[in-house]
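Chemist: Sharing a structure below in structure tokens format, with a few things to ask.
The values are calculated or read from the model by the stated rules, or taken from the named source; none is laboratory data. This one's a predicted model, so the numbers in the text were calculated from it and none came from an experiment. Here the Cβ is made from the backbone with ideal geometry for all residues, glycine too, and neighbour counts use every protein chain on show. The protein model used for the area step is the full one, side chains on, heavy atoms only, and it has no ligands, DNA or RNA in it. Shrake-Rupley method; radii C 1.70, N 1.55, O 1.52, S 1.80 Å.
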Amino acid sequence: TESQIVAILKEADAGLKVDDICRQHGISSATYYNWKAKYGGLDASELKRIKELEAENAKLKKMFADVSLENQAMKELFEKKGW
């Protein structure tokens with residue numbers, strides 16, 4: 001999970017070697033550095049907030065798509081009626 005990833009990254013910040021961390025958690029160094037690029041410097045609370053914002057953004061995108069579809073249907077109806 002993201003919280004586990006943040007905890008693993010904090011181990012490196014605490015002074016452990018990246019190779020030792022990777023061996024201990026069974027990940028490659030490439031995976032570690034990808035995680036560091038994506039999650040580096042984040043706290044668990046910040047990560048939670050990002051997830052909440054992503055969920056809200058997805059909901060808003062779906063709402064927009066629904067409204068756009070309704071709008072298009074109404075335009076087509078008005079064109080058929082000659083309005």
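Chemist: With respect to K48, is the statement that it is open to solvent by 80 Å² or more (accessible area, probe 1.4 Å), outside the structural domain of A7 (by the TED database) and under 15 Å from V6 (Cα atoms) true?
Modeler: Spelling it out, K48 is indeed open to solvent by 80 Å² or more (accessible area, probe 1.4 Å), outside the structural domain of A7 (by the TED database) and under 15 Å from V6 (Cα atoms).
Chemist: Output yes when any residue across the range 51-73 is open to solvent by less than 80 Å² (accessible area, probe 1.4 Å), in contact with a helix residue (DSSP H, G or I) (Cβ under 8 Å, 6 or more places away or on another chain) and either not in a helix (DSSP H, G or I) or not polar (S, T, N, Q) (or both), and no when none is.
Modeler: No, because not a single residue in the range 51-73 is open to solvent by less than 80 Å² (accessible area, probe 1.4 Å), in contact with a helix residue (DSSP H, G or I) (Cβ under 8 Å, 6 or more places away or on another chain) and either not in a helix (DSSP H, G or I) or not polar (S, T, N, Q) (or both).
Chemist: Could I ask something else about it? Counting just the residues of the range 29-44 that are at pLDDT below 90 and more than 13 Å from Q4 (Cα to Cα), which one comes out least open to solvent (accessible area, probe 1.4 Å)?
Modeler: The extreme case among them is G41.
Chemist: Enumerate the pairs (first residue in the range 26-37 and not assigned by the TED database to the domain that holds V6 and assigned to a helix (DSSP H, G or I); second residue anywhere and loosely packed, with under 15 Cβ neighbours inside 10 Å and at pLDDT below 95) with beta-carbon separation below 8 Å, excluding pairs fewer than 6 apart on the same chain, so at least 6 apart or on different chains.
Modeler: Listed by first residue and then by second, the contacts come to nothing, as the list is empty.
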